[in-house]
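Here's the structure, in structure tokens; my notes come after.
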């Protein structure tokens, strides 16, 4: 069965410091991996995705994520955090063989708190 | 361009009543998805539509839940005889095709409260 784990409920970081939000996954085949961000009372906004090729993926708002197949991880990173980055972050996975089902499997979410 | 829209944004209902939630996908997107987000939890897949194919209903939690998609565009999620455990945010998403690599674009959600 497919699953996604975000081991930290909350990550606290000071503004200007680097941030990492962790994600590990389990799929039977090769994965497509996604990160979304959710601001209060808003829907999910797409940040970035890994499909194939370079393991380092760059996305919106200066975020990037590194696909590590041996560790089955896809951690979200940003070199310098902003207070405005404070939000709820979701990692999601889709098995490459799941084109007929369509669904994304989401982690439980990690709240990022950036303090001035 | 316009994103995914959902209505109503908020819905308060009494236990036992039926509710209908509406989703307008991005124009031209053939795939449409419904998810449920309970307080403090991740998203649970409910149902998926792709073009004229039979929908994937594998995520619907009970037979009180149903959804339809008319004309390959607008979708309605119906919950009959609502229960308090149905209280959640219901999110709709669409993507250009059903390809596994496609990005799903989400609407703002409908916040449902069952009293």
Residue A:54 to residue A:84: FRET efficiency via 1/(1 + (r/R0)^6), r the Cβ-Cβ distance, R0 25 Å, to the nearest 0.05?
0.35
What's the center-to-center distance, using Cα atoms, between the stretch B:70-113 and the stretch A:9-56 in Å?
22 Å
Using the Kirkwood radius over Cα pairs, work out the Stokes-Einstein diffusion coefficient for the stretch A:11-79 at 25 °C and 0.890 mPa s, in µm²/s as a whole number.
189 µm²/s
Per residue, the convex hull volume that the Cα atoms of the stretch B:1-66 enclose (Å³)
122 Å³
Give me the inter-chain shielding for B:22-35: mean count of other chain Cβ atoms within 10 Å, whole number please.
1
Determine how many Å³ per residue the convex hull of the Cα atoms of the stretch A:51-116 encloses.
113 Å³
Work out how much length residue A:10 to residue A:45 would gain on full extension: take 0.36 nm times their residue separation and subtract the Cα-Cα distance, in nm to one decimal.
10.7 nm
Measure off 7 Å from each Cα along the Cα-to-Cβ vector at residue B:7 and residue A:77, then give the distance between these two points in nanometres to one decimal.
4.6 nm
Distance in nm between pseudo-label sites at residue B:58 and residue A:28 (7 Å out along the Cβ direction from Cα)
0.9 nm
Rounded to whole angstroms and listed largest first, the alpha-carbon spread of chain A along its three principal axes comes to 44, 30, 23
With the convex hull built on the alpha-carbon atoms of chain B, volume per residue in Å³ sits at 99 Å³
Quick one: work out the % antiparallel among DSSP beta bridges in the protein assembly as shown, nearest 5.
90 percent
Which whole number gives the average, over all residues in B:87-95, of C-beta atoms from other chains lying within 10 Å of the residue C-beta?
2
Given q = 0.09, 0.13, 0.14 Å⁻¹, what are the Debye log10 I(q)/I(0) values for the protein assembly as shown, with equal point scatterers placed on the Cα positions and solvent ignored?
-0.37, -0.77, -0.89
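Any read-out appearing in this document is the output of simple, stated calculations on the displayed coordinates, not a laboratory observation. What you are looking at is a predicted structure, and each value in this text was computed from that prediction instead of being measured. Backbone-built Cβ (ideal geometry, glycine too); neighbour counts: all protein chains shown.
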